[in-house]
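First the structure, in the form of structure tokens, and then the observations on it.
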Amino acid sequence: MKVLLVEDEEGLIITLTDRLQSEGFEVKSAADGELGVSFALAEAFDLIILDVMLPKKNGLDVCRDLRQKEISTPILMLTAKGETIDKVLGLKLGADDYLTKPFEVIELLARIEALLRRSPNTMNNSPESFRFGDVSVDFRRAVVKKENELIELSALEFKLLQYLIEHRGEVLKRDELLDEVWGYDAMPSTRTVDVHVAWLRQKLEENPRYPQFIHTVHGLGYKFVG
Ligand code: CA
């Protein structure tokens, strides 16, 4: 497991690196935000620990940049006491959890464990391909076929389908889909989600009016069953 630690306090870098290494993690650290972004883009990590107050680029901007660049690695933010706004904003910008400084290392390890458990990367529910009914999806090549015929999906439809499949069995609220598929800075209405779901059903379901795979959960959202 590889962890990227973006932190500028030397004492904390040393303490955390030592402790994480002794827990079996491989640790790479970046002492400012710009370096953090470039490391995160250059190689894959299982987790990013990200301080908010950083030189060159603050943690919130780092988080936003990484999510915009489609880096979905779990991010644990470190905020200073009383930075409530940062916490809220951090989560909105795509951080997965936060911890307030000062913290006990044991608490940090517990959060890391929880995040890695939750992470789709480690749960291995991001398959390279997936089949349902007579539809096959090749995620790496972004190719969808139905009865071996190529189905044309827009980038958004594909992303939506992928998200539904990765979270199959879960009830997904329209707001969540908007955040995860369209992105936090897009401002479409939840109606947009309904429209795209309808298009996906049209293209993929045997009978779009009685969908077998992309179910509506009334009053809540959607659920992929496959
Ligand atoms: Ca700092």
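The values are calculated or read from the model by the stated rules, or taken from the named source; none is laboratory data. If you're wondering where the values come from, they're calculated on a predicted model, not measured in any experiment. So basically every Cβ, Gly included, is an ideal-geometry build from the backbone, and we count neighbours across all protein chains shown.
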> Restricting the search to the range 8-51, which residues are out of contact with any helix residue (DSSP H, G or I) (no Cβ under 7 Å at 6 or more places or on another chain), assigned to a loop (DSSP other than H, G, I, E, B) and more than 23 Å from D86 (Cα to Cα)?
Replying inline: G24, F25, E43, A44, F45
> Picking from R168, R209, which residue would you name as being part of a loop (DSSP other than H, G, I, E, B) and within 28 Å of L91 (Cα to Cα)?
Replying inline: R168
>> Out of everything in the range 38-66 that is acidic (D, E) and under 21 Å from A114 (Cβ atoms), what residue ends up being farthest from the ligand (Cβ to nearest atom)?
In response: D46
>> What's the number of the only condition in (1) surrounded by fewer than 22 Cβ atoms within 10 Å (Cβ to Cβ); (2) among the aliphatic types (A, V, I, L, M); (3) touching a residue at least 60 places away in the same chain (Cβ under 8 Å); (4) closer than 14 Å to K101 by Cβ that M53 fails to meet?
In response: (3)
>> Just checking, does the range 74-83 include any residue being in contact with a Ser or Thr (Cβ under 7 Å, 6 or more places away or on another chain) and either closer than 28 Å to D175 by Cβ or in the same structural domain as D179 (by TED's automatic domain parsing) (or both)?
In response: yes
>> Checking the conditions here, which among L78, L54 is part of a loop (DSSP other than H, G, I, E, B), touching a strand residue (DSSP E or B) at 6+ places or on another chain (Cβ under 7 Å) and at pLDDT 90 or above?
In response: L54
> Residues H196, H218: which one is surrounded by 15 or more Cβ atoms within 10 Å (Cβ to Cβ) and without any contact (Cβ under 8 Å) to a residue 60 or more places away in the chain?
Replying inline: H196
> Taking the range 8-30, which residues are of a type in the set (S, T, N, Q) and either within 16 Å of the ligand (Cβ to nearest atom) or in contact with a Leu (Cβ under 9 Å, 6 or more places away or on another chain) (or both)?
Replying inline: T15, T17, S29
>> Name the residue that is nearest to D18 (Cα to Cα), counting only residues in the range 81-110 that are of a type in the set (G, A, S) and under 21 Å from the mean Cα position of the chain (by Cα).
In response: A110
>> On the basis of being within 20 Å of L108 (Cβ to Cβ), within 21 Å of the chain's Cα centre (by Cα) and of a type in the set (D, E), does D51 make the cut?
In response: yes
> Residue check, L5 against (1) in a loop (DSSP other than H, G, I, E, B); (2) closer than 15 Å to I112 by Cα; (3) within 15 Å of the ligand (Cβ to nearest atom), all met but one. Which one?
Replying inline: (1)
> Restricting attention to the range 207-218, does a residue exist that is closer than 25 Å to Q68 by Cα and modelled with pLDDT of 90 or more?
Replying inline: no
> On the given criteria, is L116 over 22 Å from W182 (Cβ atoms) and touching a residue at least 60 places away in the same chain (Cβ under 8 Å)?
Replying inline: yes
> On the given criteria, is T79 within 16 Å of the ligand (Cβ to nearest atom) and either acidic (D, E) or surrounded by fewer than 17 Cβ atoms within 10 Å (Cβ to Cβ) (or both)?
Replying inline: no
>> Condition (residue is out of contact with any helix residue (DSSP H, G or I) (no Cβ under 6 Å at 6 or more places or on another chain), in a strand (DSSP E or B) and closer than 19 Å to V37 by Cβ) applied to the range 86-101: is it met by at least one residue?
In response: no
>> I'm checking my understanding of the structure. Among residues of the range 83-100 that are among the charged types (D, E, K, R) and buried (at least 16 other Cβ atoms within 10 Å of the Cβ), which one is nearest to E180 (Cα to Cα)?
In response: D96
